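Presented below is the structure to which this report refers.
Please treat every number below as a calculation from the coordinates, not as lab data. Bear in mind that the values here come from a model prediction, so they are computed numbers and not experimental data. For neighbour counting, all protein chains shown are included, and Cβ atoms are generated from backbone atoms with ideal geometry for every residue, glycine included.
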Amino acid sequence: RAIIIGAGYGGMALANILGKAGYRVDVYEKNATAGGRIAAIHKDGYVFDLGPSWYLMPEVFEQYYQLFGESAETRLDLMRFNPGYKVYFEKYPTLTIQGDVNVDKHTFEAIESGAGRKLERYVAHSSQAYELAVKHFLYNNFLRLRDVFALPVIMNAPRMLALVFANLDRHVSRVFRDIRLKQLLEYHMVFLGSSPFQAPAIYTLMSHLDYRSGVYYPRRGMLSLVQDMQALGTAYDVEYHYNSPVQQILVEGGKAVGVRLPDGSEVRADIVVSNADMHHTETVLLAPEHQSFPARYWAKRQPGPGALLVSLGVEGTLPDLMHHNLYFVDNWRENFDSIYVDKKVPENAS
């Protein structure tokens, strides 16, 4: 028997894998629905995605679905955005990013002489980092020495370590001068809850997604990912318990053996997995003697910022806007420093 705490997308994905492996799987979710941060609002004929709105790394989804003899592209009815998105600047004309380096290099070249060829090289290096990360790190638990010392990992270690110990802005600034080009290659840090002036340059791999892989979207909305993940689990009798928060993870002999629910009842299992936020899992669900880190560790952590989301139903069309629109002000560094250094909302924010 397996228990999963939290019906976010990761918890749902694991529930299906364990169900397929023969476990009886119970998923305990504190909310009334599954999906975690993936949700939707239906109001007055409009449907709004809440949370994620960019479907990236399609090959990772495809690899998962193939575990069940299925195809993500077919089941989720995916479309690739072309163009990828539109960018508005404070003082400069708007730009449209196609999501194809062979096209977008001309946009870069028009802004900065030589930037077109630089973008080709930059994206090529980004793609190498991405492919190395996916092939040798994403699906690797590093449980064996031969995993750690695999030849491709060793051969690429110096270059990868260089990306780990430099921040993204410094890495980008070595190649491009114009602030607009830097913004186009650094804005992903907003999604990741960090700053390009603090985050490691390994995140250059995000440019592979922008200029090679592309931005996708399921035609039925992001919530369809959750619905299909749940449908996939019906074949394995995965059971979801909604409005059912877990009060504590039970530990015996250094091993998680079950959970305690708010009514005091206990449910035992061979496997217990928490898909809740790590901070909540460590500080709330586990007793102090079983926590991995002391309180001072969390006191030094910098949580990612939240976001204010406004869902507007608009009559008619907005021909100047695309599905994704980014707005950048000139004071790029000040924007991030306001949030991550001064801990305040920027006066004029991107």
Mind checking which aspartates and glutamates have their Cα closer than 14 Å to the Cα of Lys43? Skip sequence neighbours fewer than 8 apart in that chain. Glu315
Cα-based helix-to-principal-axis angle, 9-20 vs the chain, degrees rounded to 10: 50 degrees
Highest average packing first - 222-232, 287-297, 70-80, 29-39, Cβ atoms within 10 Å: 222-232, 29-39, 70-80, 287-297
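Ranking request for peptides 14-24, 84-94, 262-272: highest mean number of other beta-carbon atoms within 10 Å first, then the rest in descending order.
Going by the mean number of other Cβ atoms within 10 Å, highest first, we get 14-24, 84-94, 262-272.
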Here is the link list: Lys300/Lys344; Lys135/Lys255; Lys86/Lys135; Lys91/Lys182; Lys118/Lys182; Lys182/Lys300. Which ones come out longer than 23 Å on Cα distance? Lys135/Lys255; Lys86/Lys135; Lys182/Lys300
Relative contact order (percent) for the stretch 227-317, with alpha-carbon contacts under 8 angstrom and 6 or more residues of separation? 18 percent
Qualifying aspartates and glutamates (Cα of each under 13 Å from Cα of Lys343; at least 8 residues distant if same chain): Glu334
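Remind me, what semi-axes does the stretch 14-171 give for its equivalent ellipsoid, largest first in whole Å, using sqrt of 5 times each Cα gyration tensor eigenvalue?
Sorted largest first and rounded, they come to 34, 29, 15 Å.
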Rounded to the nearest 10 degrees, what's the angle between the helix 223-233 long axis and the longest principal axis of the chain, both from Cα atoms, 0 to 90? 40 degrees
Cα shape, the stretch 16-104, gyration tensor, a/c 1.5 rule: oblate
For Lys105, go through the aspartates and glutamates and keep the ones whose alpha-carbon is under 13 Å away, minus same-chain ones fewer than eight residues off. Glu120, Asp210
Mean residue ellipticity at 222 nm from the helices of the chain, using -39,500 (n - 2.57) per DSSP H segment of n ≥ 4 over the full residue count, to the nearest 500 deg cm²/dmol? -9500 deg cm²/dmol
In order through the stretch 118-129: 3J(HN,Hα) via Karplus (6.51 cos²θ - 1.76 cosθ + 1.60), integer Hz, x for Gly, Pro: 4, 5, 4, 5, 4, 5, 4, 5, 4, 5, 4, 5
Roughly what % antiparallel, to the nearest 5, for the DSSP beta bridges in the chain? 55 percent
Over the chain, what relative contact order in percent results from Cα pairs under 8 Å that are six or more residues apart? 27 percent
Rounded to the nearest 0.05, FRET efficiency between Ser173 and Lys255 (Cβ-Cβ, R0 45 Å) equals 0.40
Förster radius 45 Å - calculated FRET efficiency between Tyr46 and Ala110 (Cβ-Cβ, nearest 0.05): 0.75
Within 10 Å of each residue's Cβ, count the other Cβ atoms and sort Ser311, Ser127 from fewest upward. Ser311, Ser127
